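Reviewing the structure listed below.
The values are calculated or read from the model by the stated rules, or taken from the named source; none is laboratory data. This structure is a prediction, so every number in the text was calculated from the model and none was measured. Neighbour counts run over all protein chains shown; Cβ positions are idealised from the backbone, glycine included. Ligands, DNA and RNA are stripped out before the accessible areas are found, and what is left, the full protein with its side chains, is counted by its heavy atoms. Shrake-Rupley method; radii C 1.70, N 1.55, O 1.52, S 1.80 Å.
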Amino acid sequence: MVVNLAKVTKLNSHFMETPSSCAILAAGFFLLLHVSMAASNPTQDTFFLQCLSNHSQYSSPPISAVTYFPNNSSYTSILQSYIRNLRFITPTTPKPLFIVTPTHVSHIQASIFCSKIHALQVRIRSGGHDYDGLSYVSQVPFIIVDMFSLRSISVNVEDESAWVESGATLGEVYYRVAEQSKIHGFPAGVCPTVGVGGHLSGGGYGNMMRKYGLSVDNILDAQIVDVNGRLLDRESMGEDLFWAIRGGGGASFGVIVSWKIKLVPVPEIVTVFRVERTLEQGATDIVHQWQYVAGTIHEDLFIRAVVMQSNKKGHQTVKAKFVALFLGNAEKLHALMDESLPQLGLKHEDYIEMSWIESVLYWSNYPIGTSADVLLERQPSSEKFLKKKSDYIQEPMSKSGLEELWKKMMELRKPVLTFNPYGGKMREISELETPFPHRAGNVYKIQYSVNWKEEGVEVAGKNLDLIRRLYEFMTPYVSKSPRCSYLNYRDVDLGTNGNGNASYSEASVWGTKYFKGNFDRLVQVKTAVDPGNFFSYEQSIPSLAAWEGKMAE
């Protein structure tokens, strides 16, 4: 359900009034901040709940029914249910003082209001897939505003749009679109349990990006609760803030409640394939040629390459898996592949025709014939300890470079590389159009990935070392000045703001890697809409006003 802005005018006015009893309680509360964040304190909880209730009086259910303190039996399950990286679910991981799972905009407004009074950080979580856990972990007293209850989706096929609340998953979006139309889709990620809020605000790419661009290139409107508790849409927030939240990360600017997305046409029949080739089957030549083809071939075709170390009957090798989506029939795809990448040696039986929604399941590795109902399941089949990193390739690697890469991968064994091609629509959109700047000039993006199942600091350290060594090895081959990264592959190895209070120059170390020249404009927007830097975290956009004020002190 999209919030009607007119209906919350009275609520916004109430929110902006001088604080009542909460302000009186604030001084006493600071004596309680030394209480462990992992433990519940009855007096502390009462302070919080009274403040929240006083500033959310228009909503039903009351905010007390959707607020969870550590002594609540549901606290742990709610906290853990949207943690996708087991690295951040240990007994020593800092825990929130409480969790709010809003069902109404007033719950969000009250959470912001009371967190400002009590000097708490707000972490905003929609799906929990942020790789370094920044939406649910902090080293200072914090709360989580978990959006999973705000997940309604309203599809309008006539004007080819949909309003989607931030707590919905990509799988739910795809399901509801396909439920209404067999010839519409939306260009976003291939993992169905990813939350819409983080995915869209950080860029959002998928296997239709060469045809339609990123998710942020297909956003028409949004609703956000700002630092002053106002519910704003595109018109009332202004084009600068609307620009910033489409790829600059929403959590630096406010709590995004919902998005209006533009649906895109898809044919009734699409074609997919998935094949593997080892080094002995010519993988080096195929990957080398793929670099020149995947970004220049017809924009209806997206071919991902996934490269990993493999053991075949005791023999160590490297294998490359090629997964494709073609917005057309098998006959046309076969002709394209025979002309552009004959080295792959595809046969007629490798091409599989299906509907677009069936291709979503195929790319999620569900068996052919699986019901689309699985897209409504919000939990992944399994959780893992993991670390991810990213890079951009702007000049194809030579065969000798690829061969050295294979040697390094066989040495390290565990890390996996995913190559996602560019070109097409990505080449046509200016890098200034949204905060996401990685457009023309890129051949493909790399995701580095390492997963493990064993617990313990030592095991984690070993696996983190493996992926960092592979990342270091790739330095000569990837983008430079800056070495670019993708915001939605969040990577604190690039640098952090500490707890969110870094200077512009400190934040620019990682900020220019994510945003290039757009970082400066993001800082300007942040300074204008959140001068006090309330919405802060380890890689949030800094406010110049907050830093200047800090220096003046």
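Heavy-atom accessible area per residue, region 385-437, 1.4 Å probe: how many Å²? Could you put the intermediate results ahead of the total?
Values: 2010 Å² over 53 residues.
On a per-residue basis, 38 Å².
Rounded to two decimals, what ratio of Rg to Rh does region 234-282 give with C-alpha atoms and a Kirkwood Rh? Present the calculation step by step, with values, prior to reporting the outcome.
Values: Rg = 20.3 Å, Rh = 15.4 Å.
My calculation of the ratio gives 1.32.
Using only Cα atoms, tell me the angle between helix 105-117 and the longest principal axis of the chain; keep it within 0 to 90° and round to the nearest 10.
Relative to the chain, helix 105-117 is tipped by roughly 70 degrees.
Would you please classify the overall shape of region 105-245 from the alpha carbon gyration tensor, given that a ≥ b ≥ c denote the square roots of the eigenvalues, rounded means a/c under 1.5, and beyond that prolate means a/b larger than b/c while oblate covers the rest?
The shape class here is prolate.
Suppose the chain between residue 408 and residue 285 were pulled fully straight at 0.36 nm per residue; how much longer would it get relative to their current alpha carbon spacing? Please report the intermediate quantities before stating the final value.
Details: separation 123, 0.36 × 123 = 44.28 nm, distance 1.78 nm.
Additional length available on full extension: 42.5 nm.
Given the alpha-carbon gyration tensor of region 163-235, what are the semi-axes of its equivalent ellipsoid in whole angstrom, ordered largest first, with each equal to the square root of 5 times an eigenvalue?
23, 14, 12
Could you give the accessible area per residue of region 242-360, probe 1.4 Å, as a whole number in Å²?
37 Å²
Using a probe of 1.4 angstrom, how much of the accessible area of the chain is carbon and sulfur, in percent?
The nonpolar share, carbon plus sulfur, comes to 52 percent.
For helix 330-340, what angle does its Cα long axis make with the longest principal axis of the chain, in degrees from 0 to 90 and rounded to 10?
70 degrees
Quote the accessible area belonging to residue 481 in square angstrom, nearest 10, computed with a 1.4 Å probe and with ligands, DNA and RNA left uncounted.
120 Å²
How much FRET efficiency would the formula 1/(1 + (r/R0)^6) give for residue 50 and residue 454, where r is the Cβ-Cβ distance and R0 is 41 Å, rounded to 0.05?
So, using R0 = 41 Å, E works out to roughly 0.40.
Relative to the longest principal axis of the chain, what angle (0 to 90°, nearest 10) does the C-alpha long axis of helix 399-412 take?
60 degrees
Taking every eigenvalue of the Cα gyration tensor of region 365-521, multiplying by 5 and rooting it, what semi-axes result, largest first, whole Å?
26, 22, 21
I need the shape label for region 197-349. Rule: rounded when a/c is under 1.5, else prolate if a/b > b/c, else oblate, with a, b, c from the alpha carbon gyration tensor. Don't jump to the answer; show the numbers that get you there.
On the way: a/c = 3.60, a/b = 2.11, b/c = 1.71.
Because a/c hits 1.5 or more and a/b exceeds b/c, region 197-349 counts as prolate.
Hey, what's region 168-214 come to in accessible area per residue, 1.4 Å probe, Å²? Intermediate results must be reported in sequence, preceding the final value.
Numbers: 1050 Å² over 47 residues.
Heavy-atom SASA per residue in region 168-214 reads 22 Å².
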